[in-house]
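A short write-up of the structure that comes next.
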Amino acid sequence: MVQQTQQAWDEECDVLVFGSGGGGMSAALFAARAGLQVMVCEKRQYLGGTTATSGGGIWVPGTPGGLAAGDTIERAREYLRWELGDHYRADIIDAFLAQGPGIIETLNTQTDVKFELSSWPDYHSDEPGGAKKGRTLFPAPFDGKRLGRDFAMLQPPMHRIMVLGGLMLGPDEVPDFLRPLSSVRAFRRVLRKLARYAFDWLRFGRGTDLRSGNAMIASMMYSMPRDRVSLRTQHALVELLKENGRVVGAVVQGSAGARRIRARRAVVLATGGFPHEREMLRTYGPNFPHSQSLGCEANVGEGIKSALAVGAAMDTDLNSVANWTPASVMRDKHGRETPVIYGYLDRGRPGVIAVDAKGRRFVNESSSYHDIVSAMFKHSGNVGAFHFVCDLAFVRRHGLGAVRPWPWTRSLASFVRSGYLTMAPSLPELARAIGADEATLTETVQRHNAHCKTGVDVDFGRGATAYNRMFGHATGQPNPNLAPIGAPPYVALRIHAASLGTTIGLKTTADAQVVGVDRQPIDGLYACGNDLAAAFRGRYPGGGTTLGPAVVFGALAAQHIAKSPRPVD
Ligand SMILES: Cc1cc2nc3c(=O)[nH]c(=O)nc-3n(C[C@H](O)[C@H](O)[C@H](O)COP(=O)(O)OP(=O)(O)OC[C@H]3O[C@@H](n4cnc5c(N)ncnc54)[C@H](O)[C@@H]3O)c2cc1C
């Protein structure tokens with residue numbers, strides 16, 4: 001039901017933003033920079049949502065670094081045309097490509113939000129318009145101490161995927177931690193990092209050397225003009241208020257009860273889509289059965305539902321309902337399940353293969369996380385899960401799921417006891433233990449090992465693209481992505497489809513203004529992040545596929561609000 005607004009307002013602002021992930025914070029920051037009074041209402045105790053626990057990568061072509069690396073906007077457009085096919089929406093992509101670089105440049109030069117160009121290739125870099133470098137950027141490290149008391153409001157990183165439960169490492173630091181004894185310099189750097197972490201832990205209860213998505217949200221918080229932005233945690237959107245066809249505010253549930261907050265210029269929905277709302281997942285993604293998500297648990301479609309209640313339209317014609325990653329699942333002693341992302345350390349590395357329920361390979365294991373799960377959904381033997389299979393030497397070297405490489409994990413015994421890993425002295429025994437066919441699994445491993453010798457994966461082309469090769473290394477074999485599965489014991493890890501966030505969402509204009517079922521933009525209502533339908537339509541062109549558009553369309557929403565005529569009181 002849409003409430004009428006005869007009652008008095010409890011509070012007022014120009015722009016009322018719901019959700020404090022990359023989308024909401026970008027909208028808030030750009031709106032405040034345009035001189036508007038902003039209130040950010042976040043349902044949880046912490047700011048940052050999924051974004052704060054993410055890699056923080058943004059895919060934005062055309063930045064100065066990207067152009068210097070040889071990229072052009074036209075090539076990026078060609079790539080997106082190939083990638084999105086019939087789902088390509090020219091108005092959205094034109095806005096993204098035209099405005100994205102300027103928005104990132106504004107952040108980099110006029111705020112403390114800094115993005116650095118990475119060496120990541122596009123995920124399909126060999127396809128038309130694909131780039132081997134220049135489109136994925138990562139947040140620069142940020143010292144959490146600069147936030148002062150606000151540091152306590154920042155979402156801590158995901159314990160499960162961090163060294164020592166919370167130590168954040170940049171990609172440049174990973175090699176030191178993998179081989180701390182490889183040189184005196186590596187050893188010193190590791191010690192220095194551990195010492196700072198220990199000191200921070202005693203003083204703040206967590207590390208302050210922030211990286212990835214945590215650095216992104218912290219730097220956005222730091223860059224907010226605080227005289228114009230009020231950041232509220234434990235304030236949840238309950239209902240939008242509409243008057244004479246215009247969204248004029250919302251009912252917000254805070255610790256002091258429900259309050260009516262007026263938004264003089266606009267409401268921005270950035271509540272992170274619906275990765276944890278089963279009913280919506282069934283409705284919008286019946287062909288993508290899955291039970292796991294690494295998205296923030298508070299993201300249950302409240303922004304989208306509130307918009308639908310005031311006449312908004314959904315945009316459902318996408319390739320997929322979500323962006324995907326393979327994930328293993330840990331169970332604690334109470335039976336609670338926690339998904340563990342297919343991590344950077346073991347992802348696509350030589351010596352591990354993915355097998356279906358029978359024991360057959362079905363995918364190029366070095367392709368992107370999104371592509372692996374998409375292949376699983378398309379595979380005829382799909383039963384919603386598959387296994388990674390490798391030998392013990394692989395696990396020691398790269399880790400596997402929640403298992404860290406040696407020396408960070410010394411024994412696999414507790415992982416095997418809890419059922420997280422399956423270990424067996426021979427391939428037929430491993431096959432029996434995971435429910436696969438003994439002969440098929442043995443044959444699959446033999447065939448894979450034969451490919452290692454020739455260097456050509458004739459079945460799935462592993463090692464053929466620049467993105468594949470990012471996860472390869474010298475193996476003594478002709479193909480850096482292929483190494484044989486060697487001596488026993490053998491190890492298997494059960495893998496499930498998990499969403500990183502949903503892609504189907506509200507229909508909007510290219511300025512991120514929500515469109516109604518009557519196909520007209522709804523005055524005063526905008527959406528960004530995963531509340532709006534993904535610009536890339538459920539496809540995954542490269543690292544930063546969701547956060548690139550989240551930051552850009554958050555900024556575009558703010559700019560459109562700032563230049564729209566002020567409504568008459
Ligand atoms: C481990 C991991 C790594 C990832 N790495 C990357 C990466 O490198 N690059 C990339 O592009 N994507 C990455 N992703 C995906 C990406 O993080 C998400 O798609 C993105 O953060 C979504 O941003 P958002 O602003 O829409 O939502 P979120 O960041 O989830 O923020 C939404 C916020 O809204 C709040 N909220 C929910 N309901 C309400 C309500 N009713 N009222 C008020 N607030 C509410 C939530 O509490 C939450 O804080 C990763 C995801 C994971 C899990």
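The values are calculated or read from the model by the stated rules, or taken from the named source; none is laboratory data. These numbers were taken from a predicted model, which means no experiment stands behind them. All Cβ positions, even for glycine, are placed from backbone atoms using ideal geometry, and neighbour counts span all protein chains on display.
Please enumerate the residues belonging to the stretch 67-83 that are within 16 Å of the ligand (Cβ to nearest atom) and out of contact with any helix residue (DSSP H, G or I) (no Cβ under 7 Å at 6 or more places or on another chain).
The one that is within 16 Å of the ligand (Cβ to nearest atom) and out of contact with any helix residue (DSSP H, G or I) (no Cβ under 7 Å at 6 or more places or on another chain): E83.
For the stretch 17-46, how many residues meet the condition of being among the hydrophobic types (A, V, I, L, M, F, W, C) and near the ligand (Cβ under 7 Å from one of its atoms)? Quick ask: steps written out before the conclusion?
Here is the first cut: in the stretch 17-46, the ones among the hydrophobic types (A, V, I, L, M, F, W, C) are 17-18, 25, 27-32, 34, 36, 38-41.
Now drop any that are not near the ligand (Cβ under 7 Å from one of its atoms), which leaves 18, 41.
Total satisfying the criteria: 2.
Return the residues of the stretch 286-304 that are more than 9 Å from the ligand (Cβ to nearest atom) and within 21 Å of A512 (Cα to Cα); say none if nothing qualifies. Walk me through how you get there before you give the answer.
Looking only at the stretch 286-304, we keep the residues that are more than 9 Å from the ligand (Cβ to nearest atom), and these are 286-292, 304.
I304, the sole residue that qualifies.
Out of A558, A550, A527, A498, report the one residue that is in contact with a Pro (Cβ under 7 Å, 6 or more places away or on another chain), buried (at least 24 other Cβ atoms within 10 Å of the Cβ) and of a type in the set (A, V, I, L, M, F, W, C). Outline the logic, then answer.
Numbers: A558 fails: in contact with a Pro (Cβ under 7 Å, 6 or more places away or on another chain); A550 fails: in contact with a Pro (Cβ under 7 Å, 6 or more places away or on another chain); A527 fails: in contact with a Pro (Cβ under 7 Å, 6 or more places away or on another chain).
Being in contact with a Pro (Cβ under 7 Å, 6 or more places away or on another chain), buried (at least 24 other Cβ atoms within 10 Å of the Cβ) and of a type in the set (A, V, I, L, M, F, W, C) holds for just one of A558, A550, A527, A498, which is A498.
Might you let me know whether the stretch 257-269 holds any residue that is touching a residue at least 40 places away in the same chain (Cβ under 8 Å), assigned to a loop (DSSP other than H, G, I, E, B) and within 13 Å of the ligand (Cβ to nearest atom)?
Going through the stretch 257-269, the residues touching a residue at least 40 places away in the same chain (Cβ under 8 Å) turn out to be 259-269.
When the remaining residues are screened for being assigned to a loop (DSSP other than H, G, I, E, B), the result is none.
No: the stretch 257-269 contains no residue that is touching a residue at least 40 places away in the same chain (Cβ under 8 Å), assigned to a loop (DSSP other than H, G, I, E, B) and within 13 Å of the ligand (Cβ to nearest atom).
So, of the residues in the stretch 312-362 that are in a loop (DSSP other than H, G, I, E, B) and β-branched (V, I, T), which turns out to be surrounded by the fewest Cβ atoms within 10 Å (Cβ to Cβ)?
T316
Return the pair list, or none, for Cβ contacts closer than 6 Å from residues in the stretch 531-551 that are within 10 Å of the ligand (Cβ to nearest atom) to residues that are charged (D, E, K, R), at least 6 apart or on different chains.
Here the result reads G542/D122; G542/R135, each pair linking the stretch 531-551 to a residue that is charged (D, E, K, R).
Residue-wise test of (1) touching a His at 6+ places or on another chain (Cβ under 6 Å); (2) within 16 Å of the ligand (Cβ to nearest atom).
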residue: I434; (1), (2): yes, no
residue: D459; (1), (2): no, no
residue: Q477; (1), (2): no, no
residue: I485; (1), (2): no, no
residue: V491; (1), (2): no, no
residue: A497; (1), (2): yes, yes
residue: A512; (1), (2): no, yes
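Those residues that are part of a loop (DSSP other than H, G, I, E, B), of a type outside the set (A, V, I, L, M) and within 16 Å of the ligand (Cβ to nearest atom), I need them from the stretch 219-241; list them, please.
T233, Q234, H235
Can you give me the number of residues within the stretch 525-569 that are outside any helix (DSSP H, G or I), over 17 Å from I58 (Cβ atoms) and within 28 Å of the chain's Cα centre (by Cα)? If you could, list the steps in order and put the result at the bottom.
Taking the stretch 525-569 first, the residues outside any helix (DSSP H, G or I) are 525-528, 532-546, 564-569.
Within this subset, residues satisfying the condition of being over 17 Å from I58 (Cβ atoms) are 525-527, 533, 537-538, 564-569.
Remaining after also requiring within 28 Å of the chain's Cα centre (by Cα): 525-527, 533, 537-538.
The total comes to 6.
Quick check on the stretch 275-284. Is at least one of its residues within 11 Å of the ligand (Cβ to nearest atom), in a strand (DSSP E or B), modelled with pLDDT of 95 or more and buried (at least 21 other Cβ atoms within 10 Å of the Cβ)?
The first filter runs over the stretch 275-284 and keeps only residues within 11 Å of the ligand (Cβ to nearest atom), leaving 275-277.
Still in the list and also in a strand (DSSP E or B): none.
No, every residue in the stretch 275-284 fails to be within 11 Å of the ligand (Cβ to nearest atom), in a strand (DSSP E or B), modelled with pLDDT of 95 or more and buried (at least 21 other Cβ atoms within 10 Å of the Cβ).
Considering only the stretch 201-218, state which residues are part of a helix (DSSP H, G or I) and crowded, with 19+ Cβ neighbours inside 10 Å. Full working, then the answer.
Just the residues of the stretch 201-218 that are part of a helix (DSSP H, G or I), to begin with: 201-204, 212-218.
Listed by number, the residues that qualify are S212, G213, N214, A215, M216, I217, A218.
Within the set of pairs 6 or more residues apart or between chains, which connect a residue that is free of Cβ contacts under 8 Å to residues at least 12 places away in the same chain and farther than 22 Å from T338 by Cβ inside the stretch 286-303 to a residue that is β-branched (V, I, T) and buried (at least 22 other Cβ atoms within 10 Å of the Cβ) with Cβ atoms less than 8 Å apart?
none
From the list D122, D112, D172, pick out the single residue that is more than 25 Å from P549 (Cβ to Cβ) and either part of a loop (DSSP other than H, G, I, E, B) or in contact with a Cys (Cβ under 9 Å, 6 or more places away or on another chain) (or both). Can you show your working first?
On the way: D122 fails: more than 25 Å from P549 (Cβ to Cβ); D112 fails: more than 25 Å from P549 (Cβ to Cβ).
Being more than 25 Å from P549 (Cβ to Cβ) and either part of a loop (DSSP other than H, G, I, E, B) or in contact with a Cys (Cβ under 9 Å, 6 or more places away or on another chain) (or both) holds for just one of D122, D112, D172, which is D172.
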